[in-house]
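Undergrad: Provided herewith is a single structure, encoded as structure tokens, for subsequent inquiry.
The values are calculated or read from the model by the stated rules, or taken from the named source; none is laboratory data. Here the structure is a predicted model, which is why all the values come from computation and not from measurement. Glycine also receives a Cβ, built like all others from the backbone with ideal geometry; neighbour counts cover every protein chain displayed.
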Amino acid sequence: MKHKILNIALMFLLPVLLGAGCGKDELPPLEDKILKVTEMNASGCKDQLKSSDIERYVELKAENDNQLRVRFINASLNCCPGEITSNAFIQNEILKIVFMEETMACNCICDFDLECVIDSMENRSYEMEVYAHSEKPKAKFTFYYSKKLNARIKVSDN
């Protein structure tokens, strides 16, 4: 009788236990790595406006095969930055975009539109931090990368 009860219990519990592992596959955590930036553009210094008139935001757009175009609109940099470059990497499961000035020769700040394209994106959720002229991120947010991605994220003033 004990075996019959055990068999009946297993008959009902086994599908439940096997089904618990089924469902949406979870992706492994992001590994630390440097991502390839295939394109970098920067506008010239924009006319100075009152800070209350300036809207800062980040645009994200999926392009081609697993590429992400990142545009940081009205990013504040030194007004004599020299060449502006960008790096993209994953560190501690966070996608970080860093826009850097070649030099900070002038004692003034100016707004620029910065843009880069990053390769090797995966269809998954990302935490992102965007840095420009600061060791602290100017923008922090989460997004889901897919081929249909086309988003605009408002950046609060730091």
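Undergrad: Here's a check for you: in segment 66-83, which residue that is in contact with a Lys or Arg (Cβ under 9 Å, 6 or more places away or on another chain) and not polar (S, T, N, Q) is modelled with the lowest pLDDT?
TA: Checking each candidate, the answer is ALA75.
Undergrad: Output the residues belonging to segment 37-63 that are more than 14 Å from LEU114 (Cβ to Cβ), surrounded by fewer than 11 Cβ atoms within 10 Å (Cβ to Cβ) and modelled with pLDDT of 85 or more.
TA: Result: GLU55, single match.
Undergrad: Which members of segment 144-158 meet the condition of being farther than 17 Å from LEU35 by Cβ and part of a loop (DSSP other than H, G, I, E, B)?
TA: SER146, LYS147, LYS148, VAL155, SER156, ASP157, ASN158
Undergrad: For the structure I just gave you, tell me whether ASN107 is assigned to a strand (DSSP E or B) and farther than 21 Å from LYS154 by Cβ.
TA: no
Undergrad: Of all residues being among the β-branched types (Val, Ile, Thr) and over 16 Å from ALA62 (Cα atoms) in segment 91-115, which is surrounded by the fewest Cβ atoms within 10 Å (Cβ to Cβ)? Just the residue, please.
TA: The qualifying residue surrounded by the fewest Cβ atoms within 10 Å (Cβ to Cβ) is THR103.
Undergrad: May I ask you to list the residues in segment 116-125 that are crowded, with 19+ Cβ neighbours inside 10 Å and assigned to a strand (DSSP E or B)?
TA: Answer for segment 116-125, where residues must be crowded, with 19+ Cβ neighbours inside 10 Å and assigned to a strand (DSSP E or B): CYS116, VAL117, ILE118.
Undergrad: Condition first: among the hydrophobic types (A, V, I, L, M, F, W, C) and either within 23 Å of ASN64 (Cβ to Cβ) or touching a Leu at 6+ places or on another chain (Cβ under 9 Å) (or both). Now tell me which residues in segment 106-140 satisfy that.
TA: ILE109, CYS110, PHE112, LEU114, CYS116, VAL117, ILE118, MET121, MET128, VAL130, ALA132
Undergrad: What's the total number of residues in segment 126-143 that are under 25 Å from LEU27 (Cβ atoms) and either under 9 Å from the mean Cα position of the chain (by Cα) or not in a strand (DSSP E or B) (or both)?
TA: 10
Undergrad: From the list PHE89, PHE112, PHE99, pick out the single residue that is touching a residue at least 12 places away in the same chain (Cβ under 8 Å), over 23 Å from LEU30 (Cα atoms) and either outside any strand (DSSP E or B) or out of contact with any Phe, Trp or Tyr (no Cβ under 6 Å at 6 or more places or on another chain) (or both).
TA: On inspection, the qualifying residue turns out to be PHE112.
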